[in-house]
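Inspection log for the structure reproduced underneath, given as structure tokens.
Every number here is computed from the coordinates shown, using simple stated rules; none is lab data. The shown structure was predicted, so the numbers you read here are calculated from the model rather than taken from an experiment. Cβ placement follows ideal geometry from the backbone for every residue including glycine, while neighbour counts extend to all protein chains displayed.
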């Protein structure tokens, strides 16, 4: 032996391993899966647009505009369209036939209301700094009292689809002028000739008036105003609608098809397409 350590040559790298490594390096990394957009909920088959059942009923959908107690379009109201359960819409059609024979028409302000709109109302009510519409809609009620006095709640019968806010209009109906944001506001209980012009018969207050004068049987409401409220209640009552005592404009068709379900599909024609 010479005393020198023998050097062992490294083992040759397998050609197969080299080929696999090259392929792996050539394949681009798979992109992360794209996030899927959440599909909007749709209305059950038993919901329809009111216009598809009775196109003669006047519609003035207040929550698609800024002329409401919030002062801006309300969440979930995509289009100015009245959506109701089919039985409620058919009952309104029958009530409308009665009123047309008397030279009057129904006018709806609000129909189905998504839960997201109710949530918007709740957020607004908790923000005591926002009083931009107080002078018209709740001039005698402090905003901090809206929950306790029952004007705002976390749930609304409107979200079940068979409740409607409405009034009576004498025909031929004069159009209601558009509301201009920032215009001077007049209390909703002021005489009809002074408050915001509405082609409704005089019901003693405007729509969505947060005031005790809006109670259906308030004794201060007399004469023609009382007769107009009775007309609305009698015609609707004959077709199965029950009035909410605190609001002369609020009626629910009974029995409700969905008495325990609060829906959140948006107010748009797409929600009831094909029904």
note = Matching label for the computed Cα extents along the principal axes in Å, out of (i) 66, 39, 35; (ii) 132, 43, 33; (iii) 43, 40, 39, is (ii)
key: Shape call, region 189-262: gyration tensor on alpha carbons, a/c limit 1.5   = prolate
ask   = With axes computed from alpha carbons, what is the tilt in degrees of helix 86-101 against the longest principal axis of the chain, rounded to the nearest 10 within 0 to 90?
value = 30 degrees
query = Over all Cα pairs of region 85-242, how is the pair count split among 10 Å bins, expressed in % and running from 0 up to the last occupied bin?
reply = 9, 34, 39, 16, 1
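Given the rule -39500 (n - 2.57) for each run of at least 4 DSSP H residues, summed and divided by the residues of the chain, what is its mean residue ellipticity at 222 nm, to the nearest 500 deg cm²/dmol? Before the final figure, lay out each step's value.
On the way: 6 runs with 63 residues, N = 275.
Helix-only estimate at 222 nm: -7000 deg cm²/dmol.
Among bridges DSSP assigns within the chain, what percent are antiparallel (round to 5)?
Working: 16 of 19 bridges.
Among the beta bridges of the chain, antiparallel pairing accounts for roughly 85 percent.
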inquiry  = Quick check: the angle from helix 223-237's long axis to the longest principal axis of the chain, C-alpha only, nearest 10 degrees?
reply    = 50 degrees
message = Cβ neighbours within 10 Å, averaged per peptide: list 223-229, 263-269 in order, most packed at the top.
response = 263-269, 223-229
remark   = Expressed in angstrom and rounded, the centroid-to-centroid distance over alpha carbons for region 53-73 and region 116-132 is 18 Å
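For residue 145 and residue 100 in one chain, what is 0.36 nm times their gap in residues minus the Cα-Cα distance, to one decimal in nm?
The residue 145-residue 100 span can extend by a further 12.2 nm.
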